[in-house]
Amino acid sequence: MTSEVTVGTGAGLDTADMVLNIGPQHPSTHGVLRLRLVLDGERVISAEPIIGYMHRGAEKLFEVRDYRQIIMLANRHDWLSAFCNELGVVLAVERLMGIEVPERAIWLRMALAELNRVLNHLMFLGSYPLEIGAITPVFYAFRERETIQAVLEEASGGRMHYMYNRVGGLKEEVPAGWTGRARTAIDQVRRRMPDLDKLIRKNEIFLARTVGVGVLSAADAAAFGASGPVARASGLDLDLRRDEPYLAYSELSVPVVTRTTGDCHARFEVLLDQVYVSLDLAQQCLDRVDQLTGPVNVRLPKVVKAPEGHTYAWTENPLGINGYYLVSRGEKTPWRLKLRTASYANVQALSTLLPGTLVPDLIAILGSMFFVVGDIDK
């Protein structure tokens, strides 16, 4: 058992390393994560992320719920990416069952997934500067979030947990005129994004706190399995929407935003620039939706059973790659549904990033790794 040691100061006094626990309270708005740090003065010697305080056993709960019910559970582990979480599950089930989803549903799913990506990124673009002392950006970020949120709420009835995906398509058709209102919201957010951009991207204090801080090399990002904005900021040019397209992403040109410096500022910039990309992609998807008619789901039997077998579906979630390994024994519940979440891989890198840094930089690095604790613990 490690005891905490008071560090001596002043000439002639022996000093010792201090063990400091950050957590498991609610540090820096990032959920119930615990960091066990060994400090020499204000310099971090070693860092151990300790997880599991929010563990709900989602994967075991999947095994006793049918394929319609597990969508509700999968919705919640990354609560900022609920629509995209649902999407990965239904894609895996549809693949195993051999279901062809109507084309209109495919393009609506893509439009909603990109809008959900914008919501996720805006939350971090507002909260990350807040963690290192910049209060104003969060107000701009939430103004834009509310504009997009209203559109998703109108379609699904939910503000956070949408429950809009179904095996075989979507819950229901979007309201009349919805695509026009969604396009208006996208135009508003695109027009107002420079307010947030100019406020923070080149801010001298923000640059001083983030440039050159918490550098994650491309090799380390790959070794830890990091993905999404965290990996692309280190120069890993990987995006499943372009490289292994699902839904109808193969019909779109998906620009992949990358940086090479791999520091806190690069991760922030990738996130910021991806908002513009997702707004454009969502608008292209809505244009296609307007050209299509027909149903948004397929008729399913009263009891949905996936045939015996297994499959793996992965999607480019807002925080990185999410994988869904589904094993079925031909019953109405999955025998196994394993989640590979982006946040779990991203947070592992903290043990490499934090040693050698100063305590004030710790929060800047922690916030820039863009994770949701429920997504780590599941």
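About its Cα centre, the dipole of the range 142-264 is roughly 380 debye, where the only charges are +1 on Lys and Arg Cβ and -1 on Asp and Glu Cβ. When all protein chains stay in place and ligands, DNA and RNA are ignored, the 1.4 Å accessible-area order of Trp79, Trp107, largest first, is Trp79, Trp107. Of all lysines in the structure, those lying under 27 Å Cα to Cα from Lys338, and not within fewer than 8 positions of it along the same chain, are Lys60, Lys171, Lys302, Lys305, Lys378.
Once C-alpha pairs closer than 8 Å and six or more residues apart are averaged by separation and normalised to the residue number of the range 302-378, the relative contact order reads 25 percent. For the residues Leu91, Leu80, Leu300, a GNM of the chain with alpha-carbon springs under 10 Å puts the largest fluctuation on Leu300.
Rolling a 1.4 Å probe over the protein chains gives Val211 an accessible area of about 80 Å².
Roughly speaking, what is the centre-to-centre gap between the range 84-111 and the range 317-378 when only Cα atoms are used, to the nearest Å? For the range 84-111 versus the range 317-378, the Cα centre distance is 23 Å. Rounded if a/c is under 1.5, else prolate if a/b beats b/c, else oblate: with a ≥ b ≥ c from the C-alpha gyration tensor eigenvalues square-rooted, which is the range 73-159? It is prolate, given that a/c is not under 1.5 and a/b is the larger ratio. Once all protein chains are placed together, Arg181 keeps about 100 Å² accessible to a 1.4 angstrom probe.
Using the basic label-point model (7 angstrom from Cα toward the beta carbon), what is the Val359 to Glu154 distance in nanometres? It is 5.0 nm. Between the range 170-227 and the range 229-271, the alpha-carbon centres lie 12 Å apart. Take every Cα pair under 8 Å whose residues are at least 6 apart in sequence, average their separation, divide by the length of the chain, and the relative contact order is 25 percent.
The smallest convex shape that holds all Cα atoms of the chain, its convex hull, gives 139 Å³ per residue. The residues of the chain present an accessible area of 41 Å² per residue when probed at 1.4 Å with all protein chains retained.
The values are calculated or read from the model by the stated rules, or taken from the named source; none is laboratory data. Here the structure is a predicted model, which is why all the values come from computation and not from measurement. All Cβ positions, even for glycine, are placed from backbone atoms using ideal geometry, and neighbour counts span all protein chains on display. Quick note on the areas: whole protein, heavy atoms, side chains included, nothing else; ligands and nucleic acids left out. Shrake-Rupley method; radii C 1.70, N 1.55, O 1.52, S 1.80 Å.
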